[in-house]
Amino acid sequence: DLTAVSDHCMAVCADRGGFERMLELGGKGLLANFERVVSGRLAQSMLKTPLFFGMSSLTSTFSTFMHFDEVPACTTICSQGGKCDGFYIVLHGKLDMTLREVAGIRLRRDVVKRKVGMNDFFGADWLLYCKGVAQATVTTKTHCVLLRTPAASFAELCETCPLLRTRLDRMHMKQDEVDRREVELVKAVEEAVE
């Protein structure tokens, strides 16, 4: 069972020195199998993300840019106003995307803008349209496994795949409209409170 093999290999590699032990035990054949399984799982995971629907012929290109990140619960991935270092796809776990400020209005408390879960993604808008500045704080609620594409590689990925960039542009326009409405609502609430 390839899933069991890859789960075992992932657990071994997560342990310090586990990768070397895996090579000693199984040699390069096991490593080649591991790489094949991981590439296949990357492709399967990516294709479950709505952004990549219908792009199965390009998954090998995508997977060369992406890396697994295991992140413990209660870890801040990026902070609103800080640098966003990559594009992320959630393979496992739950995260919160919170706002402390909206359209220059400082909120009295953090507001959860969006709950992020399996097969969701974040970071693309910030890298493409906000000069790499995070527009929300993203924090893990549970232990998470993420696929991360570093910022520089993400720019190259978008150049390599115009269809990806087109989809991101469309999604950004839709999200921009939703954000505009949210800002109007927050301003109305803030004015009513004052």
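The values are calculated or read from the model by the stated rules, or taken from the named source; none is laboratory data. The structure displayed is predicted, hence computed values, not measured ones. Cβ sites come from the backbone with ideal geometry, for glycine too, and all protein chains shown count toward neighbours. Note: accessible area is taken over every heavy atom of the protein model, side chains too, but ligands, DNA and RNA are not part of it. Shrake-Rupley method; radii C 1.70, N 1.55, O 1.52, S 1.80 Å.
Mind listing whichever residues of the stretch 74-130 are out of contact with any Pro (no Cβ under 8 Å at 6 or more places or on another chain), surrounded by 15 or more Cβ atoms within 10 Å (Cβ to Cβ) and in a loop (DSSP other than H, G, I, E, B)? Passing the criteria: Ser79, Gln80, Cys84, Gly93, Lys94, Met118, Asp120, Gly123.
One residue stands out in the stretch 148-177 among those that are under 12 Å from Leu127 (Cα atoms) and not in a helix (DSSP H, G or I): the one that is least open to solvent (accessible area, probe 1.4 Å), namely Thr149. Just a yes or no: is a residue in the stretch 124-140 β-branched (Val, Ile, Thr), within 18 Å of Phe52 (Cα to Cα) and either touching an Asp or Glu at 6+ places or on another chain (Cβ under 9 Å) or without any contact (Cβ under 8 Å) to a residue 60 or more places away in the chain (or both)? Looking through the stretch 124-140, none of the residues is β-branched (Val, Ile, Thr), within 18 Å of Phe52 (Cα to Cα) and either touching an Asp or Glu at 6+ places or on another chain (Cβ under 9 Å) or without any contact (Cβ under 8 Å) to a residue 60 or more places away in the chain (or both). Taking the criterion of being more than 23 Å from Tyr129 (Cα to Cα), among the small types (Gly, Ala, Ser) and at pLDDT 75 or above, the only residue of the stretch 55-90 that qualifies is Ala73. Residues that are without any contact (Cβ under 8 Å) to a residue 24 or more places away in the chain and of a type in the set (Asp, Glu) do occur in the stretch 149-161, at least one of them.
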